[in-house]
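The block underneath contains the structure these notes are about, expressed in structure tokens.
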Amino acid sequence: MSKVLITGATSGIGEALVHQYLKQGHDVIACGRNQEKLAQLSDDTDTKPLLTLSFDITKTADIEQAVSDIKQLDIIILNAGDCEYIDDVTSFNNSLFQHIINVNLIAIGHLLHFLLPKMTSGSQVVLVSSSVTILPLPRAEAYGASKAGLDYLANSIRIDLSKHNIGVTLVHPGFVETPLTDKNTFDMPFKITSIDAASRIYQGVKAKKSYLHFPKRFTYLLKLIAMLPAPLWQWLIARSIR
């Protein structure tokens, strides 16, 4: 079975992925910042033993120390991230913007720096982005920009890693029931559970797909709207917000 490393493993999609991969008999390394939640996650597993690593993905020294004993990985699922909104664009919150870019994009570079050398032919990198990159949305300047950068990163390293026979899967979830989306005060159409999202990711990664997006009734709707002339889709988005 594969050795799978999952970041953001203490809640939401990451936690559901841990249980999904353990249930299928894989060796799982669950990563997160909260040691208590990692310990609880380990206690809750009744299948294979779970290895947990506690570190901050924005701190290179923490990452280097945490993963130093890992010799080889078959799958890395870089799922950890954060979401905050810019409520007043005329008073652009540069601290919030920097934080989100750092967590959702720069930290991915830190992780790839230390984890890619541990991957061999046939292994797979999974980057969990967001369907927000399909269509620009209000208040999502920071979150959307970070995920758009992640999309480009995924599609670029896929080309360079192909000669090493290392696959890259880019994931575009729609609204998923997680602690992050629980904070949202707006309607979230076609929202699915973390368990459902984890199952879809597991099956897509198993099939070595390069791109996953779900639920398709939502992502295809976004793709359709994005094909309209810019003034029209911008009017539709503004109208829906009002």
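Read-outs: derived from the displayed coordinates by stated rules, not from any lab. Predicted model, so just to flag it, every value in this text is computed and none were measured. Neighbour counts run over all protein chains shown; Cβ positions are idealised from the backbone, glycine included.
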DSSP loop (so not H, G, I, E, B), at most 11 other Cβ within 10 Å: list which trypsin sites (Lys or Arg not before Pro) in region 28-97 pass both filters. Lys71
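Count the net charge of all other residues whose Cβ sits under 11 Å from the Cβ of Ser131, scoring Lys and Arg as +1 and Asp and Glu as -1.
Combined, the nearby Lys, Arg, Asp and Glu give +2.
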What is the dipole size for region 3-241, taken about its Cα centre, with +1 at each Lys and Arg Cβ and -1 at each Asp and Glu Cβ, in debye to the nearest 20? 980
So which aspartates and glutamates can Lys191 reach, going by Cα to Cα under 12 Å and dropping same-chain residues fewer than 8 places off? Glu177, Asp182
For the chain, what D do you get in µm² per second when you plug the Kirkwood radius from alpha-carbon pairs into Stokes-Einstein at 37 °C and 0.692 mPa s? 177
Step through the table entries Lys59/Lys223; Lys37/Lys147; Lys23/Lys223; Lys3/Lys147, compare each Cα-Cα distance with 31 Å, and write down the pairs that go over it. Lys59/Lys223; Lys23/Lys223
J(HN,Hα) series, region 77-82, from Karplus relation 6.51 cos²θ - 1.76 cosθ + 1.60, nearest Hz, glycine and proline x: 10, 8, 10, 4, x, 9
Can you list the aspartates and glutamates whose alpha carbon is less than 19 Å from that of Lys206, not counting same-chain residues fewer than 8 positions off? Glu15, Asp27, Asp74, Asp196
Helix-only [θ] at 222 nm, the chain, -39500 (n - 2.57) per DSSP H run of 4+, per residue, nearest 500, equals -13000 deg cm²/dmol
